[in-house]
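Read through the structure below, which is laid out as structure tokens, and then see the notes.
The values are calculated or read from the model by the stated rules, or taken from the named source; none is laboratory data. This structure is a prediction, so every number in the text was calculated from the model and none was measured. FYI the Cβ positions are ideal-geometry reconstructions off the backbone, even for glycines, and counts take in every protein chain you see. Surface areas here come from the heavy atoms of the whole protein model, side chains and all, with no ligands, DNA or RNA. Shrake-Rupley method; radii C 1.70, N 1.55, O 1.52, S 1.80 Å.
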Amino acid sequence: MLNPYKKDFPLLAKTYQGKPLIYFDNAATTQKPEAVLKAMERYYIEENSNPYRGLYDLSTKATESYEHARKKTAEFINGKPVEIIFTRNTTESINLIAYSYGREFLTKGDEVVVAISEHHSNILPWQQITKEKGAKLTYLYVNALGQIPEEEIEKKITKKVKIVAIAQVSNVLGTIHPVRYIIEKAHKKGAVVVLDCAQSIPHYPLDVKKLNVDFAVFSGHKMLGPMGIGVLYGKEELLLKMPPFLTGGEMIESVSEQAATFAPLPQKFEAGTVNVGGAVGLSEAISYINRVGYDTIQKIEHELTDYALNQLAGIPEVTVYGESVVSNYRSGVISFNVNGIHPHDTASILDADGIAVRAGHHCAQPLMKYMKLAATCRISFYFYNTLEEVDAFVKSLSNVRRWLNNGN
Ligand code: PMP
């Protein structure tokens with residue numbers, strides 16, 4: 001399969017361990033197309049200066065580039081520019097919501113609901129803030145396929161619940177959760193919903209208005225952009241009611257010895273010098289994704305996932321966790337183990353063949369414990385991967401199996 005996109009990614013042209021690099025750790029971070037690298041380079045060469053502060057032209061240019069990135073991000077998810085707060089990553093976005101909205105609006109006896117399959121970054125902030133406020137953290141438990149049963153949603157999302165925080169796609173099992181249904185249920189009970197889109201927005205379009213979601217968060221680095229830039233979308237009426245998270249320069253209107261008034265949205269939530277280069281990179285990443293198109297991205301990933309799942313199903317020593325077939329409930333993240341081999345060893349053997357995969361608990365220890373797993377290997381696709389790479393991966397897995405049969 002000739003992949004027309006691969007050539008746009010300089011790192012994918014490199015050899016790795018003396019072989020062509022096969023990069024199957026896209027759920028951790030994606031590779032960056034040349035267009036993104038060039039846009040960031042251009043910003044640093046031509047416009048680098050501290051935005052907002054200077055009255056000189058260079059600073060105005062940096063401000064314009066930063067605000068252009070905000071506008072682009074808003075259009076991408078169908079929000080308004082004032083509803084886009086740039087953060088460092090998904091983790092910081094969720095912390096902002098927990099320590100601002102959660103601290104302001106949670107009271108004793110309230111509940112926050114997350115799924116057992118959440119990434120630690122969508123668990124720990126809620127653990128901390130519920131403890132601080134005397135509220136309770138409860139979990140939606142998944143079935144063996146990683147799906148959240150409807151009865152679980154009915155049972156757990158009660159009138160006591162003030163916040164539901166859920167990933168649209170699981171970073172371990174690739175499960176696509178019924179977020180539209182969860183948002184409707186939560187709103188009926190008076191709760192707000194925080195949608196963790198870290199694993200969904202690289203692959204599926206997000207329309208915050210259509211979903212009527214209260215908050216949506218994601219990381220630039222998982223969608224072709226650079227590390228160090230993340231997004232928090234919040235409905236304007238909610239952001240207006242929330243106190244600042246971090247305080248300091250650039251987020252104020254005026255400061256006296258003992259008090260301060262804060263800047264309007266979105267600056268109220270962007271304390272200190274912002275990451276203009278990162279925002280420029282994210283903006284270019286959005287342009288790249290728009291050029292490829294989500295339909296094409298999904299078509300390629302669907303084919304890759306279907307092919308890989310079929311290949312893995314044919315290897316008796318391999319156990320795949322979660323859904324074993326591609327469906328509307330499954331994305332291109334596949335967790336598996338080679339029976340009797342530690343996943344770290346499997347990953348090391350694959351690495352020697354130039355194949356980068358993840359092994360471990362994937363920052364989801366509660367899910368691992370719930371599924372009685374210590375660790376898994378994980379492959380995760382993006383649209384620049386190919387069926388030939390899947391073939392090479394399956395071939396390399398036979399080395400792991402040979403190792404197993406030798407009783408090493
Ligand atoms: N949520 C999910 C579902 C994730 O997969 C990840 C990253 N693996 C995160 C949150 C955290 O993202 P970041 O490290 O960029 O903050």
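Sequentially through segment 7-16, phi angles give Karplus couplings (6.51, -1.76, 1.60; θ = phi - 60°) of 4, 7, 10, x, 5, 6, 8, 7, 8, 9 Hz, Gly and Pro residues having no value and appearing as x.
Secondary structure note: in the chain, about 55% of the DSSP beta bridges are antiparallel.
For the residue pairs 6/210; 160/372; 14/61; 38/209; 185/210; 222/395, the alpha carbons lie more than 24 Å apart in 6/210; 160/372; 14/61; 38/209; 222/395. Each pair of Cα atoms in segment 59-188 enters the Kirkwood radius, and Stokes-Einstein at 4 °C and 1.567 mPa s then converts it into a translational diffusion coefficient of 80 µm²/s. Here segment 36-290 has 53 percent of its accessible surface on carbon and sulfur atoms, given a 1.4 Å probe and all protein chains in place. Computed 3J(HN,Hα) for segment 215-222, one whole-Hz value per residue from the Karplus formula 6.51 cos²θ - 1.76 cosθ + 1.60 where θ = phi - 60°, is 9, 9, 10, 7, 10, x, 5, 8, glycine and proline marked x. The length gained by stretching the chain between residue 345 and residue 53 to full extension, at 0.36 nm per residue less their Cα-Cα distance, is 100.0 nm. Could you tell me how many degrees, from 0 to 90 and to the nearest 10, lie between the Cα long axis of helix 276-292 and the main elongation axis, the longest principal axis, of the Cα atoms of the chain? Rounded to the nearest ten degrees, it is 50. For the chain, the per residue solvent-accessible surface stands at 43 Å², with DNA, RNA and ligands left out and a 1.4 Å probe. Within the accessible area of segment 308-408, the carbon and sulfur atoms contribute 50%, probe 1.4 Å, all protein chains present. Relative to the longest principal axis of the chain, what angle (0 to 90°, nearest 10) does the C-alpha long axis of helix 294-313 take? Compared with the principal axis, the helix lies near 40 degrees.
Out of 201, 138, 223, whose Cα points farthest toward the positive end of the dipole of segment 36-290 (charges: +1 Lys, Arg; -1 Asp, Glu; placed on Cβ)? The listed residue farthest towards the positive side: 138.
For segment 314-326, backbone phi angles converted through the Karplus equation (6.51, -1.76, 1.60; θ = phi - 60°) give residue-by-residue couplings of x, 10, x, 6, 9, 10, 9, 9, x, 4, 9, 10, 6 Hz, Gly and Pro being listed as x. Direction-averaged projected area, Cα convex hull, segment 36-290: 13.9 nm², rounded to one decimal.
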